[in-house]
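Here the structure comes first, spelled out in structure tokens, and everything after it is commentary.
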Amino acid sequence: MKKTILITGCSSGIGYCVAHALHKQGYHVFATARRQESVDTLLAEGLESLRLDLADSDSIQQAFEAVMQRTNGELYALFNNGAYGLPGAVEDLSREALRIQFETNVFGWQELSNLVLPVMRRQGYGRIIQNSSVLGFVSMPFRGAYNASKYAIEGLSDTLRLELKGSNIYISLIEPGPIASQFRANSAKALGQYIDVDKSFHRERYLGVLKRLHKPGPAVPFTLPPEAVLKRVIHALESSNPKPRYYVTVPTYLFGFLKRILSTRILDMLLAKAGNSN
């Protein structure tokens with residue numbers, strides 16, 4: 001039988017790349033997206049696609065039930081990927097803005113994980129792959145909401161991995177740095193929707209942030225294509241002993257190393273400089 005995998009956030013970028021590549025390799029891929037027009041595009045391209053809005057519990061439940069009907073109640077893997085970033089200073093984040101960020105980036109992922117785990121326990125195997133970020137273990141200024149959501153995913157995943165020890169269900173975190181995608185364009189929209197730039201103490205800084213987000217091409221050095229993440233996803237799916245964490249891009253390796261050897265104060269200086277320069 002083909003191995004089945006449910007992937008979120010397939011309209012572009014990493015999810016789109018991984019869905020198409022795994023489909024070509026013979027996986028039974030369920031590529032999901034928030035917008036119906038994205039689902040229609042994926043269907044036209046030959047993928048099996050469903051609408052799934054991570055901020056909508058009913059949408060999650062309906063998509064999961066549809067997958068179960070089409071697979072006779074089996075699922076090999078879940079790739080939690082769909083997410084967005086809300087730029088903004090922590091002092092400018094309203095309760096509502098932070099809640100919306102967590103609805104998509106954390107609560108939706110956890111709800112899906114809770115749905116697939118009984119299936120995986122019943123069949124005796126499974127893989128859950130969480131697309132985290134370098135910002136899941138180091139923080140940068142004006143990325144507080146996204147930082148917090150990825151820190152939450154890291155904590156939940158680490159705990160779940162311990163609780164599933166010996167179950168033949170593996171949890172892997174992928175921690176990319178800059179990847180070419182629509183992420184910056186979506187972040188610019190979120191900033192405009194949830195941050196009152198003109199009334200903020202950080203107004204001038206936001207103008208710089210918006211300039212970076214709208215910059216064509218890679219905005220920072222060491223940006224890699226989505227295929228760099230695909231390689232790690234394949235290893236997490238097919239290795240008999242998948243890694244708990246997969247680093248992707250030079251910044252992830254660099255900051256992972258620096259966090260181990262530097263004091264918090266010195267690391268803060270480097271992160272503040274890096275965060276304020278892009």
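The values are calculated or read from the model by the stated rules, or taken from the named source; none is laboratory data. These numbers were taken from a predicted model, which means no experiment stands behind them. Methodologically, a virtual Cβ is constructed for each residue, glycine included, from the backbone with ideal geometry; neighbour enumeration extends over all protein chains shown.
Things to note:
- Selection within the stretch 42-86 - modelled with pLDDT under 95 and hydroxyl-bearing (Ser, Thr, Tyr): Tyr84
- Scanning the stretch 63-83 for residues that are of a type in the set (S, T, N, Q) and out of contact with any strand residue (DSSP E or B) (no Cβ under 8 Å at 6 or more places or on another chain) yields a count of 2.
- When restricted to residues that are buried (at least 21 other Cβ atoms within 10 Å of the Cβ) and touching a Leu at 6+ places or on another chain (Cβ under 7 Å), the stretch 97-108 contains 3.
- Residue within the stretch 3-24 that is free of Cβ contacts under 8 Å to residues at least 40 places away in the same chain, among the aliphatic types (A, V, I, L, M) and more than 13 Å from Asn81 (Cβ to Cβ) present: no
- Test: residue in the stretch 30-51 that is on the phi > 0 side of the Ramachandran plot and either buried (at least 20 other Cβ atoms within 10 Å of the Cβ) or hydroxyl-bearing (Ser, Thr, Tyr) (or both): no
- Number of residues in the stretch 40-94 that are of a type in the set (Gly, Ala, Ser) and within 23 Å of Ala236 (Cα to Cα): the value is 5.
- Of all residues making up the stretch 166-215, the number that are out of contact with any strand residue (DSSP E or B) (no Cβ under 8 Å at 6 or more places or on another chain), within 28 Å of Val233 (Cα to Cα) and not small (Gly, Ala, Ser): 5
- Residue check, Ile234 surrounded by fewer than 18 Cβ atoms within 10 Å (Cβ to Cβ), closer than 20 Å to Ser133 by Cα and among the β-branched types (Val, Ile, Thr): yes
- Among residues of the stretch 166-177 that are at positive phi, those with a Cβ under 6 angstrom from a residue that is assigned to a loop (DSSP other than H, G, I, E, B) and not hydrophobic (A, V, I, L, M, F, W, C), sequence gap 6+ or separate chain, pair up as Asn168/Gly124; Asn168/Tyr125.
- Here Val138 clears all of (1) under 24 Å from Leu75 (Cβ atoms); (2) in a loop (DSSP other than H, G, I, E, B) except the condition numbered (1).
- Restricting Ser157, Ser113 to residues that are among the polar types (S, T, N, Q), over 19 Å from Cys10 (Cβ atoms), assigned to a helix (DSSP H, G or I) and in contact with a strand residue (DSSP E or B) (Cβ under 7 Å, 6 or more places away or on another chain) narrows the list to Ser157.
- Filtered by the rule that a residue be farther than 23 Å from Lys24 by Cβ and of a type in the set (Val, Ile, Thr), the stretch 36-66 gives a lone residue, Ile60.
- Residue count for the stretch 126-157 satisfying the condition of being buried (at least 20 other Cβ atoms within 10 Å of the Cβ), hydrophobic (A, V, I, L, M, F, W, C) and closer than 24 Å to Glu238 by Cα: 4.
- All positions within the stretch 207-229 that are at pLDDT 85 or above and either closer than 15 Å to Asn276 by Cβ or not in a loop (DSSP other than H, G, I, E, B) (or both): Leu224, Glu227, Ala228, Val229
- The stretch 158-206, residues that are at pLDDT 85 or above, surrounded by fewer than 16 Cβ atoms within 10 Å (Cβ to Cβ) and among the polar types (S, T, N, Q): Thr159, Ser167, Asn168, Gln193, Ser200
- Residue within the stretch 68-85 that is assigned to a helix (DSSP H, G or I) and buried (at least 23 other Cβ atoms within 10 Å of the Cβ) present: no
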